[in-house]
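The values are calculated or read from the model by the stated rules, or taken from the named source; none is laboratory data. Please read all numbers here as calculations on a predicted model, not as lab measurements. We place every Cβ from the backbone using ideal geometry, glycine too, and count neighbours over all the protein chains shown.
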């Protein structure tokens, strides 16, 4: 019987493996490459595949972060557009009720929440530039070019006298616009202006203005007893005061939102 070519008699597995490697080396030489080139090519292919996976992972993370930022931006824009001033009724006690309306006859239907609207792209003005009849000009929204003005009515719709608390808070601000903002509140024709206080000395109020309660609370006032069926009239005016030392270029493009809440005091608090 003829033996297979190139395989010596009585070979063992190690010799067969060595012979196979010899054939691979010879084949590599014939093709102009080497076994080592072949191995390095495999390593390079693995490295490229890992790099592709890393790029896909990084791209996924980047897309996820961009999506989160976009959602946050959209939410912020929606909140900003919802209203610069929101008026609402808060706590109701002992069956006593108060309602809000944009006219004194309350014939447009009563509500527990009002939206004072949005004023865009305002520039700074000063108090003396405001119209003198803001409290009597018009009910509802009557914003000017560079200020917000909103007139509404609060009615005791219960059968008994009640005391209520008026609280106004800043609900959102950017670029420190609140440092230069003025809030003027007319109640039944009586006007009071509020300012945050001097930037370098919070205890020192601005000229002709009542200092805010704290960094975010504009006012917190206890009302006189309101008889059953009686109505209080409010006008809120908000503007950026040009004479404020903090009314500087860095606040341009900023915004401020606020809410005004009316809470009925508990009976024990009245006593």
Identify, please: which residue in the stretch 115-137 is at pLDDT 90 or above and surrounded by 15 or more Cβ atoms within 10 Å (Cβ to Cβ) and is, among those, farthest from residue 241 (Cα to Cα)? 135
Could you please let me know if residue 183 is crowded, with 16+ Cβ neighbours inside 10 Å, over 25 Å from residue 96 (Cβ atoms) and assigned by TED's automatic domain parsing to the domain that holds residue 118? yes
Is there a residue being within 26 Å of the chain's Cα centre (by Cα), in contact (Cβ under 8 Å) with a residue 24 or more places away in the chain, farther than 21 Å from residue 101 by Cβ and not in a loop (DSSP other than H, G, I, E, B) anywhere in the stretch 128-142? no
Do we have any residue at all in the stretch 148-170 that's assigned to a loop (DSSP other than H, G, I, E, B) and over 28 Å from residue 226 (Cβ atoms)? no
Every residue from the stretch 107-127 that is out of contact with any helix residue (DSSP H, G or I) (no Cβ under 9 Å at 6 or more places or on another chain), under 22 Å from residue 259 (Cβ atoms) and part of a loop (DSSP other than H, G, I, E, B): 108, 109, 110, 112, 116, 117, 119, 120, 122
